[in-house]
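Student: Let me give you the structure first, and then I'll get to my questions.
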Amino acid sequence: MKVHEQPMRTIWVEPDGASVGIIDQTRLPHAFVTARLTTLEEVAHAIRSMQVRGAPLIGAAAAYGLCLALRGKASDEALARAHALLLATRPTAVNLRWALDEMRRALQPLPPQQRLQAAYRRAAALCDEDVALNRSIGTHGVPLLEAAWAKKGQRGRINVLTHCNAGWLATVDWGTALAPVYLAHDAGLPVHVWVDETRPRNQGASLTAWELGQHGVPHTVIADNVGGHLMQHGEVDLCIVGTDRTTARGDVANKIGTYLKALAAQDNGVPFYVALPSPTIDWTLEDGVRDIPIEQREGTELTHISGRLASGEVVSVHVTAPGSPVANYGFDVTPARLVTGLVTERGVCAASSEGLLSLFPERRAPRATGT
């Protein structure tokens, strides 16, 4: 995707061939700032503080975190320590564990002196794979928008509602939920996106709106609780959101507030789709409500909000009653029964065990054979 008309990814290796460059997403939308990460600890901080965020991008950043860790020592102990430190940064997004395990599988069998270069090669490959997966999600998602356009008699505009940020800023490139939007827009379809502000960190208002604006996609930022009203009045043709973890039966964990959008969509007959690359599927879990760990973040994200003054200065202000306790749950789980379909790099399927296995048959348990 593009920033100021220039193609760009969200993470890259700097010209020195060692340090890692990122877009500091905590500075958006008021300033476009990149940061240079040189140590394992800096990568861990970038993930925890959400300088990088979004399940696929967290995984990519963690992969490069292992690379930086091995620049000091490439021993088994150093690899295990880096893996453990990075895994503890964000508990909900399964891509983090997947990327770290992929790196460890590639590096563990090698002698220590070969691990560093192999680590950078594998991390780069994981990033390229993410781009390809997300581009494919977009390809499979475009027909959903085309169907919505045909249902309206190709009149007006296609109104898509999304929650949080599942665009290219949440991945290495293209995005998940927004990949079909970008491809449809580039193909000339009249797509318009309702962008939930997504409290408390306002990833929709600050990140999704910013990246859609950079690409020229028509959009409107709305308060989090407006979606149901728009659906009641026929102003939403379909919802597309991302996910940080999807269970084997199709339950999806996404940014807090997603579940309420799915309930409103069901009540109003609005299709509700979830876009995800296969590394986001946790094949070890079935019941998402029971088993997916839900991150609880610092209360200051809820009690304070940042914004830009007329002078251009960006400040943080306190918005809650002094002394009131807060609970800041980062995610909720939308049961599969509320999801119209899952949009993956292999196609669209029902949000169910059989639906997912139809696209990923290699995940079926082998049948027992008689003797």
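Student: Could you please state, rounded to a whole Å, how far the C-alpha centre of region 186-265 is from the C-alpha centre of region 295-312?
Tutor: 21 Å
Student: Rounded to the nearest 500, what is the 222 nm mean residue ellipticity of the chain from helices alone, with -39500 (n - 2.57) per DSSP H run of 4+ residues and division by all residues?
Tutor: Working: 12 runs with 137 residues, N = 371.
So the helix-based figure for the chain works out to -11500 deg cm²/dmol.
Student: Related question: Which of the DSSP-defined H helices in the chain satisfy a minimum axial length of 15 Å, computed from C-alpha atoms, and a minimum mean Kyte-Doolittle hydropathy of 0.5? Before the final figure, lay out the partial values.
Tutor: Numbers: long enough: 55-70 (23 Å, 1.83); 76-87 (16 Å, 0.64); 94-107 (20 Å, -0.27); 112-151 (60 Å, -0.26).
Answer set is 55-70, 76-87.
Student: Using only the alpha carbons of region 126-249, determine the length spanned along each of the three principal axes and report them from longest to shortest in whole angstroms.
Tutor: 42, 36, 33 Å, listed from the longest principal axis down.
Student: Which value results when the Cα radius of gyration for region 237-279 is divided by 2.2 N^0.38 Å?
Tutor: Numbers: Rg = 10.4 Å, N = 43, 2.2 N^0.38 = 9.2 Å.
So region 237-279 has a normalised radius of gyration of 1.14.
Student: Another question, then. Under a plain spin-label model, where a point goes 7 Å from the Cα along Cα-to-Cβ, how far apart in nm are Asn225 and Thr39?
Tutor: Simple spin-label model gives 4.5 nm for this pair.
Student: Accessible surface of Thr26 in the full protein assembly, 1.4 angstrom probe, to the nearest 10 Å²?
Tutor: Approximately 60 Å² of Thr26 is accessible to the 1.4 Å probe.
Student: Multiply the residue gap between Gln117 and Thr320 by 0.36 nm, knock off their C-alpha separation, and tell me the result in nm, one decimal place. Walk me through the numbers on the way to the answer.
Tutor: Working: separation 203, 0.36 × 203 = 73.08 nm, distance 4.96 nm.
So the chain would gain 68.1 nm between Gln117 and Thr320.
Student: Would you mind working out the magnitude of the charge dipole of the chain relative to its Cα centre, with +1 at each Lys and Arg C-beta and -1 at each Asp and Glu C-beta, to the nearest 20 Debye?
Tutor: On the way: 35 positive and 37 negative charges, 77 e Å.
It comes to approximately 360 debye.
Student: Using the charge dipole of region 2-129 (Lys, Arg: +1 at Cβ; Asp, Glu: -1 at Cβ; taken about the Cα centre), state which of Gly21, Ala123, His45 has its Cα farthest towards the positive end.
Tutor: Highest projection toward the positive end goes to His45.
Student: Wrap a convex hull around the Cα atoms of region 2-129, take a quarter of its surface area, and give that in square nanometres. Present the calculation step by step, with values, prior to reporting the outcome.
Tutor: Values: hull surface 30.0 nm².
Taking the Cα atoms of region 2-129, their convex hull projects to 7.5 nm² on average.
Student: Taking just the C-alpha trace of the chain, give me its Rg and Dmax in Å.
Tutor: According to the Cα coordinates of the chain, Rg and Dmax are 20.5, 79 Å.
Student: Among Ser324, Thr247, Ala74, flag the residue with its Cα farthest along the positive direction of the charge dipole of the chain, charges on Cβ as +1 for Lys/Arg and -1 for Asp/Glu.
Tutor: Ala74
Student: Starting at the first residue of region 198-208, write each ³J(HN,Hα) from the Karplus equation 6.51 cos²θ - 1.76 cosθ + 1.60 with θ = phi - 60°, in whole Hz, x for Gly and Pro.
Tutor: For region 198-208, the Karplus-derived couplings read 6, 5, x, 8, 6, 5, x, 5, 9, 9, 4 Hz, x marking Gly and Pro.
Student: Let me ask something additional. Alpha carbon centre of region 100-176 versus region 1-44: separation in Å?
Tutor: 17 Å
Student: Additional query: Provide Rg and Dmax in Å for region 147-363, with only Cα atoms included in the calculation.
Tutor: Taking only Cα atoms of region 147-363, I get Rg and Dmax of 17.7, 57 Å.
Student: How far apart, in nm, are the 7 Å Cα→Cβ label points at Ala88 and Gln232?
Tutor: 4.8 nm
Student: Under a 10 Å cutoff between Cα atoms, tell me which one of Leu28, Leu309, Leu230 has the largest fluctuation in the Gaussian network model of the chain.
Tutor: With Cα springs under 10 Å in the chain, the top fluctuation among Leu28, Leu309, Leu230 is at Leu309.
The values are calculated or read from the model by the stated rules, or taken from the named source; none is laboratory data. Remember, predicted model here, so these are calculated numbers, not experimental data. All Cβ positions, even for glycine, are placed from backbone atoms using ideal geometry, and neighbour counts span all protein chains on display. These area figures cover heavy atoms from the full protein model, side chains too; ligands, DNA and RNA do not enter into them. Shrake-Rupley method; radii C 1.70, N 1.55, O 1.52, S 1.80 Å.
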